[in-house]
């Protein structure tokens, strides 16, 4: 436990120390971009550097979020949220990215499903799952987002028709900094923390997140998020499931 | 328009300086809190950008001292301290904004412009403005213009304002590149042609 705490404070200090050189890189890069003509080789290369710096910056924020999670006390505020509405909002942010990859999506959601969750946490998990489909779903494939009530919880499944995850790796991918070795040469960006954070969040919201085979047995990955359901009758919230049972 | 920047990392200070000068701001630079306080007292500045962790006097202490002498001058913290609590402390001390490191040129300039606009808009006297034909109403002190008649905001840098003013003062004349360079960049400025694309 002491080791874990030392590691957290080490990570905090390192990421803090990284901020100054990163600021200098970003400022000087912007100035360099200002002084080269657009559409030249130099500006294209500098723009690539710009994108990579953006990635490094996201990684830095993810590392911090993750190390803070280790310190517990993340302050989730649980409330009743409409699944279709929240999925719609997050999907809107990914619409462009999915289109660029040629990925069609199909929604199988009912309007009435309501979960008890933290709004930002729920959005972060969904965002992570959708961006994984963007990265690993393969081009010209299909994503299915399905949600239903299994009588105990609300089950949300995000399926793609990409290469899938072998059954031996389905737990491994939730470990921090794990990238499946056969995928690392695809030019895919990521910090290796997305799924670890998403599972942490799901667990803290009294739910779960797993990777499984597709429901119809076709090739591809299926991520299944389960969250506490809120029972709704005739448009009125009746009770949280956890209180009713 | 003059901006004081206090930052102990020499390279950050230099890069911020170039960013601000490229937009036509004047700058006053300080490498620690004490130097910044001295320069704040001797120069009249329109805005301060303060790092938090600096030798001799940290940014929080500096902000407290500045606020005790001047309640209005806009203050922006630039800091690697990124926890929510650091931001809250900074704003409670009377800062107008908090820019988290790392940041790029465009974020920095946008924050500075927005803080300057807000602080100018709370000035009691009505802001000065002038009109360009029936198309644009320019508010030089607020670094912005409004499109006429439809409304719609345009953000301007001090250099944009200087160019507009030169062109307005010689209306009906063709103004040469050299004149613009002299009047808006100063004769010591080494012209890089990309500014005129």
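The values are calculated or read from the model by the stated rules, or taken from the named source; none is laboratory data. This is a predicted model, so every value here is computed, not measured. In this analysis, Cβ positions are derived from the backbone assuming ideal geometry, glycine residues included, and neighbour counts consider all displayed protein chains.
Miscellaneous remarks
- Meets criteria (modelled with pLDDT of 90 or more, more than 21 Å from residue A:205 (Cα to Cα) and either loosely packed, with under 13 Cβ neighbours inside 10 Å or within 14 Å of the chain's Cα centre (by Cα) (or both)) for residue A:134: no
- For the condition buried (at least 20 other Cβ atoms within 10 Å of the Cβ) and within 19 Å of the chain's Cα centre (by Cα), residue B:51 qualifies.
- Within the stretch A:138-170, restricting attention to residues that are surrounded by 13 or more Cβ atoms within 10 Å (Cβ to Cβ) and assigned to a loop (DSSP other than H, G, I, E, B), the residue that is modelled with the highest pLDDT is A:161.
- Residue in the stretch A:97-116 that is surrounded by fewer than 17 Cβ atoms within 10 Å (Cβ to Cβ), without any contact (Cβ under 8 Å) to a residue 24 or more places away in the chain and out of contact with any helix residue (DSSP H, G or I) (no Cβ under 9 Å at 6 or more places or on another chain) present: yes
- The stretch B:59-84 - residue that is under 23 Å from residue B:9 (Cβ atoms) and assigned to a helix (DSSP H, G or I) and, of those, nearest to the other protein chains (Cβ to nearest Cβ): B:59
- Checking each residue of the stretch B:11-23 against the condition of being more than 14 Å from every other protein chain (Cβ to nearest Cβ) and either under 28 Å from residue B:141 (Cβ atoms) or at pLDDT 95 or above (or both) gives no match.
- Every residue from the stretch A:44-69 that is within 11 Å of chain B (Cβ to nearest Cβ) and modelled with pLDDT of 85 or more: A:50, A:53
- Hey, residue B:100 closer than 27 Å to residue A:51 by Cα, at the interface with chain A (Cβ under 10 Å from one of its Cβ atoms) and out of contact with any strand residue (DSSP E or B) (no Cβ under 8 Å at 6 or more places or on another chain) or not: no
- If the condition is being loosely packed, with under 12 Cβ neighbours inside 10 Å and not in a loop (DSSP other than H, G, I, E, B), then the stretch B:163-177 contributes B:169, B:177.
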